[in-house]
Every structure is written in C-alpha cells, then in structure tokens.
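First comes the structure, then the notes that go with it.
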Amino acid sequence: LKFLYEVDSSIKGFGYREDPRINEIKSKREIKEDYAKIYGIKTNQLALSIRDLDENTVVVASGLDLAHSQITSLPDALTHIGGILDLRNSKITSLPNALTHIGSNLDLRNSQITSLPDALTNIGGNLDLRNSKITSLPNALTNIGGDIYLRDSQITSLPDALTHIGGDLDLRDS
C-alpha cells in the first residue's frame, strides 16, 4: 500500500508521464481505509485534503497549501503531512509538537512560525527558510530530500543528526 500511494517516494515510470495503471488501481480501492492501514490510525483521524482537516486529524494524506491563508492553527495530534506544507505569509504561529514527517517541501518564507517541532525527522523536499523567524533546526531532523534555502535566515548551524540533503544548500547572505 505504501508503494501504491507513494508514501515514501514517487513511483518512477517509463518516460515522462505517470503510469495510468496506478490511478486505475487506486480507483477501485477504499482510499481512506488504505491510508488508515498504512499509518495504523482510524479513518476519522485521516484528512485526504484541507477540507477534511479537523481537531482529530493525525495524518494529512496530501499537502497543505496554506500560503496567505486565514487558518490560525493545525491540529495538535498531527504527525504526518504527505505532501507540501506551505505557510508563506500565513497566520499560523506554531506547528504541532507531534509533527514528525512532511512528505515534500516545507516553505516558511515570511511566516509567523518561530520554531520547528523537536520531533520533526523528515522533510521530503525543499526546506525554504528565507526571511523566516526560525533560529534553529530540530536536533532530530535526519533527512531533507531537496534543497535548503537559508538565504536571509537566522540559521547558524545544521543539526548533527542531519545525514541526508538531497539538493543544494543556499547560504547566501545568511
């Protein structure tokens, strides 16, 4: 199931398109039930999109594009976001302490966030902290799958546990 829903990584097909067989297989499945099995949660703890987000949400299967959003908080129990977390210019001031995994990019440019959760271990894509208020990265952070943008940021060091950076490190003017 993790492979089918591309939880840990994208399925690499032949050529430049997605394999149409994947969507055909998914269309015959109970998506919420499958995700609940993958994460060991109840279906009411899963949000397939931002519209499903509530105080019970532990896992968001997709990304959360909250750039310029009026939303002021995320559920305290949230541990996993399957895609991007875009909080550019948002009204959110903190992230849930339970958050351990962001499956794609984390964009905090010009956000109100002042710290990242200590439990955060994985950012699957880019980490963008340009013009952010973040002063340090969590010691538990081991993986950033893409580029790290620290230009005009307050970050002065990277965590010792960070063993994988999948892209470039932009330190200009930092």
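The values are calculated or read from the model by the stated rules, or taken from the named source; none is laboratory data. Note that the coordinates shown come from a computational prediction; the quantities given were computed from them, not determined experimentally. Methodologically, a virtual Cβ is constructed for each residue, glycine included, from the backbone with ideal geometry; neighbour enumeration extends over all protein chains shown. Heavy atoms of the whole protein, side chains included, go into the accessibility calculation; ligands, DNA and RNA do not. Shrake-Rupley method; radii C 1.70, N 1.55, O 1.52, S 1.80 Å.
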Ratio Rg/Rh, restricted to the range 14-63 and using Cα atoms, in which Rh is the Kirkwood radius: 1.08
Gain on full stretching of the segment that runs from LYS91 to ASN131 - 0.36 nm per residue minus C-alpha separation: 12.9 nm
Net charge of neighbours whose Cβ lies under 14 Å from the Cβ of ASN97, counting Lys and Arg as +1 and Asp and Glu as -1: -2
Gained length - SER115 relative to ALA77, 0.36 nm times residue gap less alpha-carbon distance: 11.9 nm
Qualifying trypsin sites (Lys or Arg not before Pro) in the range 4-96, DSSP loop, other Cβ atoms within 10 Å at most 16: LYS12, ARG17, LYS28, ARG29, LYS42, LYS91
Estimated [θ] at 222 nm from DSSP helical runs (n ≥ 4, -39500 (n - 2.57)) normalised by residues in the chain, nearest 500: -2500 deg cm²/dmol
FRET efficiency for GLN70 and ILE155, using Cβ-Cβ distance with R0 set to 25 Å, rounded to 0.05: 0.35
Of all DSSP beta bridges in the chain, antiparallel share, percent nearest 5: 0 percent
Per-residue HN-Hα couplings for the range 78-83 [Karplus 6.51, -1.76, 1.60; θ = phi - 60°; Hz; x = Gly/Pro]: 4, 10, 9, 10, x, x
Long-range amide H partners of LEU64 with built H, under 5 Å: GLY83, ILE84, LEU85, ASP86
Most fluctuating residue given options ILE92, ILE123, ILE144, as computed from a GNM of the chain linking Cα atoms under 10 Å: ILE92
Additional length obtainable on full extension of the chain from THR43 to LYS26, 0.36 nm per residue less Cα span: 4.4 nm
Reported label for calculated Kirkwood radius over Cα pairs in Å given (i) 16.8; (ii) 16.4; (iii) 20.6: (i)
Nearest-0.05 FRET efficiency for THR163 and GLU6, computed from C-beta distance (R0 22 Å): 0.45
Amide proton proximity set for ASN110, modelled H, under 5 Å, gap of 5+: SER132
Where the Cα pairs of the range 56-154 fall when distances are cut into 10 Å bins, in %: 18, 57, 25, 1
Heavy-atom accessible area per residue - the range 30-108, 1.4 Å, Å²: 47 Å²
Karplus-derived HN-Hα couplings along the range 94-104 (A = 6.51, B = -1.76, C = 1.60, θ = phi - 60°), whole Hz, x at Gly and Pro: 8, 9, x, 4, 7, 5, 10, 9, 10, x, 9
